[in-house]
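The values are calculated or read from the model by the stated rules, or taken from the named source; none is laboratory data. Model, not experiment: these values are computed from the prediction. Positions of Cβ are backbone-derived with ideal geometry, glycine not excepted, and every protein chain shown enters the neighbour counts.
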């Protein structure tokens with residue numbers, strides 16, 4: 001069972017949305033036991049409620065929790081504030097990361113490293129300094145800042161009437177920047193869906209134990225997750241995976257599953273900056 005501070009969707013109760021948006025404060029589930037996020041996390045091969053069965057193929061494998069010795073339960077249920085996986089069912093526990101960020105969604109945690117003064121607003125200068133603190137060159141830091149703020153500022157603004165002349169990003173509404181053609185690990189409220197994360201590695205990883213991704217695996221993943229007519233999503237996915245490889249730059253040319261998980265909740269950013277002895 002998850003720790004008491006973790007909020008997960010209860011199909012038999014109302015779910016209060018913590019993120020700021022113009023959608024209803026509560027989502028009501030009229031049908032008892034229904035859960036739109038609960039795909040096939042109980043069993044990938046067992047019978048469904050309607051009597052049908054899902055048989056994963058070689059081209060479309062799905063992660064089955066029964067095949068792993070894990071304490072992770074209800075993998076298809078989004079986690080508000082922890083990046084829970086089979087190997088880390090309680091998220092990032094080192095340095096009390098999950099505890100310190102318990103009031104933030106996982107997507108907000110991912111962005112908090114770039115909010116240098118913790119005021120909930122990321123200025124372009126904040127992003128530039130944060131990228132450089134992570135070891136990116138001045139040129140890559142500048143290009144990344146332009147790409148991120150040019151595309152992700154406007155959806156997060158309090159009002160859609162006019163764009164922000166300073167291209168600021170507001171973390172409270174960062175979930176509006178959710179794009180298509182990604183892994184699906186973040187849902188539309190910025191929560192973390194363990195099943196989607198595990199499925200991506202199960203499907204595309206060629207590494208023993210499905211514990212990482214090669215460059216070829218990553219390209220296959222970007223190609224395989226594309227949505228139709230989604231050039232922004234395609235571009236964002238390419239940008240994000242290139243940034244991931246440049247950040248981790250593994251000596252064996254395999255980015256590890258745990259490092260990717262730590263990118264989702266942003267915990268690895270603090271770790272890398274600390275190792276480089278850079279104050280952000």
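Does residue 119 count as touching a helix residue (DSSP H, G or I) at 6+ places or on another chain (Cβ under 7 Å), modelled with pLDDT of 95 or more, surrounded by fewer than 21 Cβ atoms within 10 Å (Cβ to Cβ) and not in a helix (DSSP H, G or I)?
Working: touching a helix residue (DSSP H, G or I) at 6+ places or on another chain (Cβ under 7 Å): no; modelled with pLDDT of 95 or more: yes; surrounded by fewer than 21 Cβ atoms within 10 Å (Cβ to Cβ): yes; not in a helix (DSSP H, G or I): yes.
The answer is no for residue 119.
All but one of (1) in contact (Cβ under 8 Å) with a residue 60 or more places away in the chain; (2) touching a helix residue (DSSP H, G or I) at 6+ places or on another chain (Cβ under 7 Å); (3) farther than 16 Å from residue 232 by Cβ; (4) surrounded by fewer than 18 Cβ atoms within 10 Å (Cβ to Cβ) hold for residue 147; state the number of the condition that does not hold.
Among (1) in contact (Cβ under 8 Å) with a residue 60 or more places away in the chain; (2) touching a helix residue (DSSP H, G or I) at 6+ places or on another chain (Cβ under 7 Å); (3) farther than 16 Å from residue 232 by Cβ; (4) surrounded by fewer than 18 Cβ atoms within 10 Å (Cβ to Cβ), the lone unmet condition for residue 147 is (3).
With (1) farther than 25 Å from residue 114 by Cβ; (2) without any contact (Cβ under 8 Å) to a residue 60 or more places away in the chain; (3) surrounded by 20 or more Cβ atoms within 10 Å (Cβ to Cβ) as the list, and residue 252 as the residue in question, which single condition is left unmet?
So residue 252 meets the others, but not (3).
Only one of (1) free of Cβ contacts under 8 Å to residues at least 40 places away in the same chain; (2) out of contact with any strand residue (DSSP E or B) (no Cβ under 8 Å at 6 or more places or on another chain); (3) over 20 Å from residue 171 (Cα atoms) is not met by residue 268, so which one is it?
(3)
So which residues in region 127-154 are more than 16 Å from residue 244 (Cα to Cα) and either in contact with a strand residue (DSSP E or B) (Cβ under 9 Å, 6 or more places away or on another chain) or assigned to a loop (DSSP other than H, G, I, E, B) (or both), if there are any at all?
149, 152, 153 - these are the residues of region 127-154 that are more than 16 Å from residue 244 (Cα to Cα) and either in contact with a strand residue (DSSP E or B) (Cβ under 9 Å, 6 or more places away or on another chain) or assigned to a loop (DSSP other than H, G, I, E, B) (or both).
Per-residue answers, yes or no, for (1) surrounded by fewer than 18 Cβ atoms within 10 Å (Cβ to Cβ); (2) assigned to a loop (DSSP other than H, G, I, E, B); (3) modelled with pLDDT of 65 or more:
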residue	(1), (2), (3)
43	yes, yes, no
63	no, yes, yes
70	yes, yes, yes
73	yes, yes, yes
87	yes, yes, yes
95	yes, no, yes
104	no, yes, yes
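Which number in (1) closer than 30 Å to residue 62 by Cα; (2) more than 21 Å from the chain's Cα centre (by Cα); (3) touching a residue at least 40 places away in the same chain (Cβ under 8 Å) marks the one condition that residue 206 misses?
(3)
Does region 188-234 hold any residues that are out of contact with any helix residue (DSSP H, G or I) (no Cβ under 7 Å at 6 or more places or on another chain), buried (at least 20 other Cβ atoms within 10 Å of the Cβ) and within 23 Å of residue 156 (Cα to Cα), and which are they?
The answer is 193, and nothing else.
Looking at (1) crowded, with 16+ Cβ neighbours inside 10 Å; (2) more than 15 Å from the chain's Cα centre (by Cα); (3) at pLDDT 95 or above; (4) under 20 Å from residue 107 (Cβ atoms), which is the one condition that is false for residue 280?
If we test residue 280 against (1) crowded, with 16+ Cβ neighbours inside 10 Å; (2) more than 15 Å from the chain's Cα centre (by Cα); (3) at pLDDT 95 or above; (4) under 20 Å from residue 107 (Cβ atoms), just (3) comes out false.
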